[in-house]
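To start, the structure itself, in structure tokens.
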Amino acid sequence: MIVKASQIAALVLGAACSAGVLPLTGCSTTPSSQADRDALRDRAEATIGEFKRRDAGMERFFSSAHGYAVFPEIGKGAVGVGGAYGRGVVFERGAFIGYCDVSQGSVGLQLGGQAFRQVIFFQSQAAFDQFKGGQFAFSANASAVAADAGASAAVDYRDGVAVFTMTTAGLMYEASIGGQRFTFDRAE
């Protein structure tokens, strides 16, 4: 049986959409209903609590960062071509200020899917302003640190940013985050 490239592309797109890893056309960064906004904020608060429970040292990042983005779930899937998407909540000096989303595309030898949580800390006003202004994207050589007991003690900011991830079914060690792009919407 000969498989055409268009069939493979359709399979990948279908798998990614059914797995919920690609945003639908026209989706907004901010959830459309108040109930969805409240649910996302509740999941973000629960994610913060889980990161702190896994590693008490995370408190220093939450208390000292100028700002941070919390993604309760990012879905990622691939069959040769991959994609990822997730919505999050943004805090400045510990106070809620808006919503954000992350999207990622990749091509290469890859297969599978996963879901993970992510928190991105911004040490300075300048780094945080880049994120809010849509001028922030991770380079291909950036990596995240697994949120595990004691892991935060060995981590510091790099270029004003620190990233921690946690899979929903365990921990993801040295997870590549290259190619992630972010969008921010200030809360009304």
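The values are calculated or read from the model by the stated rules, or taken from the named source; none is laboratory data. Model, not experiment: these values are computed from the prediction. As a convention, Cβ positions derive from the backbone with ideal geometry for all residues, glycine included, and neighbour counts pool all protein chains shown.
Within the range 38-61, the set of residues being buried (at least 20 other Cβ atoms within 10 Å of the Cβ) and under 13 Å from residue 165 (Cβ atoms) comprises 47, 51, 55, 58. Of the residues making up the range 112-129, those that are out of contact with any strand residue (DSSP E or B) (no Cβ under 6 Å at 6 or more places or on another chain) and either acidic (Asp, Glu) or farther than 26 Å from residue 52 by Cβ (or both) are 112, 126, 129. If you go through the range 67-86 one residue at a time, do you hit one that is modelled with pLDDT of 95 or more, farther than 21 Å from residue 31 by Cβ and either among the aromatic types (Phe, Trp, Tyr) or crowded, with 23+ Cβ neighbours inside 10 Å (or both)? No - not one qualifying residue is present in the range 67-86.
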